[in-house]
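Every read-out reported here was derived from the displayed coordinates using simple, explicitly stated rules and does not represent laboratory data. Just so it is clear, the model here is predicted, and its values are computed rather than measured. Quick reminder, even Gly has a Cβ in these numbers, built from the backbone with ideal geometry, and neighbours come from all protein chains shown.
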Ligand code: FER
């Protein structure tokens with residue numbers, strides 16, 4: 001196994017962070033949209049915290065990570081081991097359309113397009129809301145974006161496409177919405193300077209691993225520092241929970 005026993009257990013002997021549901025007005029979609037926020041144990045409005053935007057997959061919504069991945073427990077346990085820089089985690093809904101529920105055919109064209117439209121919702125609506133209403137740092141070096149599958153593709157596309165906004169980027173089992181490497185990183189020299197962490201991971205039995213492989217290959221060719229992490233596993237939360245366990249402690253450190 002690639003994570004210690006109990007890494008995702010609900011421990012009653014440690015401090016826990018706090019989950020909140022927020023509603024923000026989206027100019028991009030023209031509706032009020034929901035997201036989940038996880039505040040670290042000991043959160044104080046007097047400090048400034050870095051923020052991780054953690055995105056779901058094609059069949060998910062803002063609750064998918066909570067339902068299947070228990071990120072709050074994984075992070076609580078890492079805090080208890082002093083392995084994390086205290087951070088705010090935002091779990092958005094990455095399907096930026098009026099009905100953003102994962103119902104019907106989740107592969108329908110309008111729904112796929114909504115995952116792409118989320119870039120504008122994130123940058124222009126959600127991030128400003130978070131930075132206005134929480135003790136969030138507004139510095140690019142204090143902002144991370146990561147996600148699973150469809151959300152992994154979004155994270156790579158939006159993160160690498162907006163290096164003035166994000167410095168820490170992770171794609172877990174990224175889906176075919178991931179841009180081709182040459183499109184992801186148009187200016188390798190500039191990317192090298194700006195990226196603090198670029199994490200690409202996939203389960204070795206995942207049918208989508210070719211996407212991560214091609215991204216890793218390009219990054220190696222261009223000598224762009226990154227982590228390529230593969231471990232046994234398929235396209236599921238067994239893999240993504242462990243990705244989060246390994247990825248989160250790398251964030252916002254030297
Ligand atoms: C596809 C296969 C898988 C695709 C998206 C996915 C857009 C996403 C999977 C997931 O998010 O779990 O061809 O095309």
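Annotations for the structure displayed:
- Candidates 148, 184, 52, ranked by Gaussian network fluctuation over the chain, Cα under 10 Å, top entry: 184
- Distance between the pseudo-spin-label points of residue 32 and residue 81 (7 Å out from Cα toward the beta carbon): 4.0 nm.
- GNM top mover of 142, 154, 180 - the chain, alpha-carbon springs below 10 Å: 180
- Between 109, 220, 241, the Gaussian network model of the chain with springs among Cα atoms under 10 angstrom shows the greatest mean-square fluctuation at 109.
- The chain: calculated mean residue ellipticity at 222 nm from DSSP helix runs of at least 4, using -39500 (n - 2.57): -9000 deg cm²/dmol
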